[in-house]
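Each remark here refers to the structure printed beneath this line.
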């Protein structure tokens with residue numbers, strides 16, 4: 001008997017939590033706020049990682065690895081950075097356990113107390129800039145273009161799988177430049193890399209924008225971001241790229257001699273995306289039946305299921321699918337033939353639907369006799385009976401069509417969900433439906449905070465490609481330089 | 001002026017430390033015992049990772065990710081495991097910092113004390129088996145074949161770059177099986193994967209063997225290992241694969257229903273290699289001039305250097321090398337054309353020699369006029385002037401010849417360094433020269449410890465493919481079932 005799953009319209013948040021577990025992506029661990037990423041979920045993350053890693057390398061970056069631990073005093077070196085990160089970190093105070101005297105297990109050995117506590121990195125600017133000090137003497141040592149794939153820890157009180165967890169996986173780029181211009185160019189370049197990845201691989205449309213001062217990264221002079229919209233009308237920040245100015249170079253005393261031999265502080269950027277993207281991917285496309293994965297990130301792109309009664313039928317159908325195996329491999333399409341005899345076809349259909357496998361092929365004895373095969377696409381749930389001959393090329397095109405179809409769907413939805421408002425009443429009314437609200441704002445943190453307090457909506461970003469348009473702040477009526485995007489957000 | 005570097009014969013350990021830094025592989029961080037893996041070092045590690053990851057996947061394993069933190073009580077659940085790991089771990093006791101009242105920075109917030117301390121994973125058996133309990137109900141859920149790439153922390157008092165650091169990177173496989181036989185087969189299979197990787201990619205010959213009881217992994221019933229020999233005659237354990245029996249299943253209450261519905265504890269294995277392999281790779285092949293890398297793991301396999309005076313010469317030579325670029329790419333050979341005008345050819349020659357780039361191509365105006373090119377191989381330092389025509393195919397073969405040449409050199413050295421001894425005097429005498437000492441041992445930990453105490457040599461392994469040969473223990477004279485390999489070790 002089929003288990004009843006929560007639908008998106010019933011309870012979006014419950015639908016998401018159930019789906020993450022149903023599709024075997026991740027689960028909560030016994031360690032508060034930390035998740036276990038299960039093999040199927042991790043396979044999707046690996047695909048994301050591989051694509052991003054290649055994009056980073058193509059833009060001249062190399063990977064490296066810096067320590068997990070940060071001496072407590074480093075955090076304090078950059079004033080706004082410590083404000084942002086000191087409040088939510090895991091602190092290592094001791095380096096040894098010993099047997100409890102009452103034999104009840106192990107206890108912390110009080111004699112093994114660290115002189116200075118170590119923080120499990122919430123982000124690595126401080127430890128990295130402390131290293132860069134020794135790496136940089138002259139302009140010849142610049143730029144430094146480094147990325148690191150790592151786990152980070154930010155103590156979170158309320159956690160949700162992928163979206164907000166105490167430990168998460170991410171990449172953090174940390175670059176050092178001789179000029180502010182070059183560092184700003186790097187900041188934009190990496191924002192564009194993220195946007196390209198989100199749109200072309202995740203099939204998720206994004207708005208490129210700039211954060212307001214109060215939403216900036218702690219220690220940044222400018223934070224660029226990509227913002228996406230989930231199906232429930234809430235926004236999700238999918239990636240950020242920061243221009244750090246000379247803040248960290250000053251905090252860690254990193255100077256270089258320019259061509260004239262003059263000593264200058266180095267200019268910095270940092271940029272990152274995390275396993276949060278998994279949450280975005282799931283919420284952007286999936287439906288009540290399960291995951292919908294864009295083909296370019298699907299660990300299994302095509303699954304084939306045999307339908308048979310006799311051993312003879314099974315052998316004949318298997319022979320057909322075996323032929324396809326090599327053809328798919330040659331085209332670089334990941335193909336799985338599920339010939340497990342312990343499961344019925346119906347169970348398998350439902351399993352791969354839940355897991356979002358883009359294309360499902362099925363073949364029964366009658367198809368076999370007629371040289372036919374059934375092709376079902378996950379996104380629209382359309383099924384067709386086609387000639388077996390030439391099916392691989394057909395599926396190849398179908399996958400590419402699905403990739404753009406999924407993107408266009410999300411784009412239509414996103415575009416329909418941007419509402420321009422001219423009054424605060426209209427603002428509040430529009431907010432009921434979710435989506436982005438494009439409104440004038442007077443540019444002050446005070447107004448921004450007030451609106452947040454009244455409506456829970458925050459300024460997601462000041463879009464980069466927006467036309468200049470003077471107006472009046474939707475809340476205060478004061479002059480505004482242009483519209484910004486508000487939304488409730490993850 | 002050339003800096004004088006320490007030679008291997010002068011001080012092997014100093015030579016190693018200098019080389020790791022000279023070749024830009026890694027450096028100590030300010031955090032005690034933690035290293036920074038620099039881009040060139042990380043690029044080698046990435047190549048290792050990619051190859052291993054593919055080998056794991058080919059043998060049916062998937063990647064997943066488990067939490068960094070382990071509740072303190074988990075460690076105590078498996079009795080010998082806690083003995084092995086409690087002594088050297090980083091303990092998280094608090095989850096927040098706050099501003100110091102005297103304005104001197106941040107201090108640990110005493111109100112944010114964890115109820116139960118968290119240990120930064122020294123290895124993940126406990127947290128993983130705690131998850132497996134919920135994943136396994138019946139024989140249908142088995143086997144579970146999972147690997148994780150992760151950072152781990154073991155508090156070390158004396159550290160050396162790559163060889164022994166407080167934080168290191170590794171992979172840890174954790175598998176669950178229905179039968180002891182299957183788990184033992186997995187243990188051997190993964191040992192063979194490691195041996196194949198070490199020999200075919202790292203060009204490092206290894207002895208496959210079994211650890212004695214006292215050298216076993218804490219919690220294992222059987223530990224298999226690959227042991228290699230460094231140029232200074234010291235052994236290095238390069239990888240281990242453990243048969244864990246039902247120890248962790250019992251500690252975490254993981255049972256499955258077999259086909260008859262009977263509940264049984266699950267059988268386990270775990271296996272791992274770490275960034276320690278980087279140390280092995282360096283010490284196995286490198287020479288006084290710098291790194292020697294086996295071509296299959298070299299981030300840059302071929303470097304090309306132009307030698308020119310005029311702009312005209314530079315352009316003509318660059319055109320030649322540009323032609324090669326595509327040809328190398330098509331063959332999957334990584335090629336770098338170093339046309340940096342700020343560095344002299346001599347500086348470049350020395351730089352790439354230090355970094356162990358296998359093949360160096362150079363071309364000057366005379367070569368250009370004659371249709372010639374200079375080819376220098378890093379391992380033997382031989383140089384040849386060859387026809388430019390057909391050079392890519394020549395280099396392709398050369399790389400493959402170098403790969404086996406480097407392996408054979410190391411194999412010759414290793415084979416010459418295994419000495420059979422029949423008396424304890426001969427044992428001590430042989431030990432002066434380093435290498436493996438093949439000797440009879442009475443099978444007791446007592447004798448093993450006594451020999452270690454007297455000579456610092458430990459039993460590296462009981463070789464797997466050794467012929468049965470009865471004899472007398474080299475120390476006690478008691479009966480022995482076969483020879484074991486002793487050595488001083490890293």
(message) For segment A:49-59, check the following and say yes or no: at least one residue is more than 10 Å from chain B (Cβ to nearest Cβ), touching a residue at least 40 places away in the same chain (Cβ under 8 Å) and under 28 Å from residue B:175 (Cβ atoms).
(response) yes
(request) Scan (1) surrounded by 21 or more Cβ atoms within 10 Å (Cβ to Cβ); (2) not in a loop (DSSP other than H, G, I, E, B) for the single condition residue B:412 breaks and write down its number. (result) (1)
(message) Taking the conditions exactly as written (crowded, with 17+ Cβ neighbours inside 10 Å, touching a helix residue (DSSP H, G or I) at 6+ places or on another chain (Cβ under 9 Å) and at the interface with another protein chain (Cβ under 8 Å from one of its Cβ atoms)), does residue B:70 satisfy them or not?
(response) yes
(request) With respect to residue A:30, determine if the residue is assigned by TED's automatic domain parsing to the domain that holds residue A:148, surrounded by fewer than 17 Cβ atoms within 10 Å (Cβ to Cβ) and touching a helix residue (DSSP H, G or I) at 6+ places or on another chain (Cβ under 8 Å). (result) yes
(request) Collect the residues in segment A:427-442 that are touching a residue at least 12 places away in the same chain (Cβ under 8 Å) and either under 18 Å from residue A:229 (Cβ atoms) or in a helix (DSSP H, G or I) (or both), keeping them in residue-number order. (result) A:427, A:428, A:431, A:433, A:434, A:435, A:436, A:437, A:438, A:439
(message) Condition check: more than 7 Å from every other protein chain (Cβ to nearest Cβ), touching a strand residue (DSSP E or B) at 6+ places or on another chain (Cβ under 6 Å) and either within 24 Å of residue B:109 (Cβ to Cβ) or surrounded by 22 or more Cβ atoms within 10 Å (Cβ to Cβ) (or both). Does residue A:86 satisfy that?
(response) no
(message) Go through segment A:60-70 and report how many residues are within 22 Å of residue A:220 (Cβ to Cβ) and without any contact (Cβ under 8 Å) to a residue 60 or more places away in the chain.
(response) 1
(request) For residues that are part of a helix (DSSP H, G or I), away from chain A (no Cβ under 14 Å) and out of contact with any strand residue (DSSP E or B) (no Cβ under 8 Å at 6 or more places or on another chain), scanning just segment B:326-350, find the one that is nearest to residue B:379 (Cα to Cα). (result) B:350
(request) Inspect all residues belonging to segment A:309-316 and state whether any of them is assigned to a helix (DSSP H, G or I), touching a helix residue (DSSP H, G or I) at 6+ places or on another chain (Cβ under 8 Å) and surrounded by 22 or more Cβ atoms within 10 Å (Cβ to Cβ). (result) no
(message) Considering only residues that are crowded, with 22+ Cβ neighbours inside 10 Å and within 11 Å of chain B (Cβ to nearest Cβ), which ones fall in segment A:17-27?
(response) A:25, A:26
(message) Condition check: more than 7 Å from chain B (Cβ to nearest Cβ), closer than 23 Å to residue A:293 by Cβ, in a helix (DSSP H, G or I) and over 17 Å from the mean Cα position of the chain (by Cα). Does residue A:14 satisfy that?
(response) yes
(request) Among the residues of segment B:467-490, write down those that are free of Cβ contacts under 8 Å to residues at least 60 places away in the same chain, part of a loop (DSSP other than H, G, I, E, B) and surrounded by 16 or more Cβ atoms within 10 Å (Cβ to Cβ). (result) B:473, B:474, B:475, B:476, B:482
(request) Would you mind listing the strands (runs of 3 or more DSSP E) fully within segment A:93-201 where at least 2 residues are within 11 Å of another protein chain (Cβ to nearest Cβ) and touching a residue at least 24 places away in the same chain (Cβ under 8 Å)? (result) A:113-120, A:144-153, A:167-177
(request) Quick one: which residue in A:97, A:68, A:118, A:142 is closer than 30 Å to residue B:76 by Cα and more than 29 Å from the chain's Cα centre (by Cα)? (result) A:97
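The values are calculated or read from the model by the stated rules, or taken from the named source; none is laboratory data. Bear in mind that the values here come from a model prediction, so they are computed numbers and not experimental data. Virtual Cβ from ideal backbone geometry, glycine too; neighbours counted across all protein chains shown.
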